[in-house]
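Only one structure is covered here, and it is reproduced in the block below.
Only the coordinates and a few stated rules stand behind these numbers; no lab work does. All values reported here derive from a predicted model rather than from experimental measurement. Virtual Cβ from ideal backbone geometry, glycine too; neighbours counted across all protein chains shown.
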Amino acid sequence: MPLEPSDSVSKPASPALSGSSPPDDACRSAVDIQSVQRWRKAGILVGGLLLVVCAALVTSWPLLEHPVEHLGLIAIMVCIIGRAWCSLYIGGRKKQEIISAGPYSVSRNPLYVFSFIGAFGIGAQSGSLSVGLVFGLACWVVFRIVVGREERFLSDAFGHDYQAYRERTPRFLPKLSLWRDEAEIMIRPVFFVRTVRDGFVFLLALPLFEAIEQLQRLGGFNAVVPVP
């Protein structure tokens, strides 16, 4: 599940102007955040594989199977489009400033929020609403831990400016009354294209769960728990 290293902000060009830590502390923070990102990716991979295995052991209620799969596909498309939208604001500017316009005006981590929706969509391809919710919750747990560590790094890097942004803007759940936008934003197509490309990884859930379903039908293994 490819995601940005930091959803809303990144290291400023000049520590003196932003109230960040001295260079040595900033370097240590950069190393720390890179370590967090590596563990995050490893955790997502391992957790995702375990969830897929668990999902293969359940069977959905026939009445709900296709509606839930369709709902999951809609969620995946919302995820892809939403992440691409966020990349228009954040792409190419992560090392320069705090991004607080557009989706970043109502949530500090909108890329993660759309990823939660995508995780639900992946799980919903099992045909089970319960599995979809478990996938979404598992994704939230992983990023809740990661974001806490990222925020410590960002506080060191941006000081008061980030604290002010943090105090007025929710971590995840968007607060629409805070919406503000810019008349113009600088867009770098390469970042937009990369985010869209990475987002299509979510669509791999369709053939994956279809293959699991076919194996179940052919008797390759038996689902043991029926869930809605």
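Ranked by the mean number of other Cβ atoms within 10 Å per residue, highest first, peptides 192-200, 112-120, 149-157 order as 112-120, 149-157, 192-200. Once both labels are positioned 7 Å from their Cα atoms along Cα-to-Cβ, the gap between Gln163 and Ile185 label points is 2.8 nm. Rounded to the nearest 0.05, the FRET efficiency derived from the C-beta distance between Gln214 and Glu97 at R0 = 41 Å is 0.25. Shape index of the stretch 65-219: Rg/Rh, with Rg the Cα radius of gyration and Rh the Kirkwood radius from the inverse mean 1/r over Cα pairs, equals 1.04. Which stretch or stretches of the stretch 152-178 have amide N atoms under 19 Å from the point lying 7 Å from Trp85's Cα along the Cα→Cβ direction? Hits in the stretch 152-178 for Trp85 at 19 Å: 169-178.
Mind listing the long-range amide H neighbours of Ser128? Cut-off is under 5 Å, sequence gap 5 or more, other chains count too, H placed in the peptide plane at 1.01 Å from N. Sorted by chain and number, the residues that satisfy this come to none at all. Spacing of the modelled spin labels on Val141 and Val196, each 7 Å from Cα toward Cβ, amounts to 3.5 nm. Modelled this way, with points 7 Å down the Cα-to-C-beta line, the labels at Leu63 and Leu133 are 1.7 nm from one another.
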